[in-house]
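None of the figures in this text is laboratory data; all of them are computed from the coordinates on show. Remember, predicted model here, so these are calculated numbers, not experimental data. Note: ideal-geometry Cβ built from the backbone for every residue, glycine included; neighbour counts use all protein chains shown.
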Amino acid sequence: MRPVKHAERVLTKVAAGLFNSIQFFNKYKPNPSFTPKWSDKPLLKSWQKSKPTLGWPRTTDSLCPNCVIEAREEILSGKRDVSVLVNEKIGEIKAQIIERDGEIWMVKDCPTHGHFEDMMAIDSKFLTHIEAMFPGRDIPAHNDEKLHNHGSSTIKYGRGSVLTVDLTNRCNMMCDPCFMDANQVGFVHELSFDDVKEILDNAISIKPRRQMSVQFSGGEPTISPHFIEAVKYARKVGYNSVQCAT
Ligand code: SF4
């Protein structure tokens, strides 16, 4: 190894040690946290940020892919109300994340549909590195009751990001595969302008909201009769970046 690499490693270790020492003493006499204007709650100190259990083997929450498909069909056929997705744990099962021959796998068993396995990473060391870089959870979301009410999959942390609004599932193309199954599910799902306004209004009121962008997608969003009005309305209510996936 070149001497400069050795020097880099030593410098990195010294900087990390210094940072951790300052953090350790800061816990006992911390300066008050700063509350930015886009949040009602203060920014978290790094030592206040929580983390989920990482590493492996570990148990995590997951979904049975077949239960999800069945639930979707029952909702679309009117057998079940869409509110079951919020009020019940449809298809939720526990999964094990394990290492096998240097790879990381998720294995799970559904009492109805049996055994499932999915590879998560081809290199366990690389995933270890990625997990170690996770800085911890961000500020708890607040003022978000109208947007983040998704049952057990509700988003709990963050500072605003890109809102994707699918204006329609119609498209002038027939790609195979299509990420949205546009034109292929046998029904048209298209938002009214009132739907679009409600989504944009609910999302722009959340805190924290460091920035809020919206991306209109589909299908082909420009086919929606409300596309132009939706773009104008998004700018009017304060989205600082309005994108279109066409
Ligand atoms: S929505 Fe996109 S991927 Fe799907 S058919 Fe249209 S262009 Fe193709």
What distance in nm separates the two pseudo spin-label positions at residue 235 and residue 70, each 7 Å out from Cα along the beta-carbon direction? 4.9 nm
Over the alpha-carbon set of the chain, work out the extent along each principal axis and list the three values in angstrom, largest first. 62, 49, 40
Longest exposed-loop-site-free stretch of the chain, with chymotrypsin sites (Phe, Trp or Tyr not before Pro), DSSP loop and at most 11 other Cβ within 10 Å? 35-178
First check a/c for region 156-246, with a ≥ b ≥ c the square roots of the eigenvalues of its C-alpha gyration tensor; if it is under 1.5, answer rounded, and if not, answer prolate when a/b is larger than b/c or oblate otherwise. prolate
Which distance in Å, rounded to a whole number, links the C-alpha centroids of region 9-27 and region 213-246? 46 Å
Computed for the chain: size of charge dipole around the Cα centre, +1 on C-beta of each Lys and Arg, -1 on C-beta of each Asp and Glu, debye to nearest 20, value 1920 debye
Tabulate in residue order the Karplus-calculated ³J(HN,Hα) for region 7-14, using 6.51 cos²θ - 1.76 cosθ + 1.60 with θ = phi - 60°, rounded to whole Hz; enter x for Gly and Pro. 4, 4, 5, 4, 4, 5, 5, 5
When the chain is fully extended, how far beyond the present Cα-Cα distance does residue 7 get from residue 35, taking 0.36 nm per residue of separation? 6.2 nm
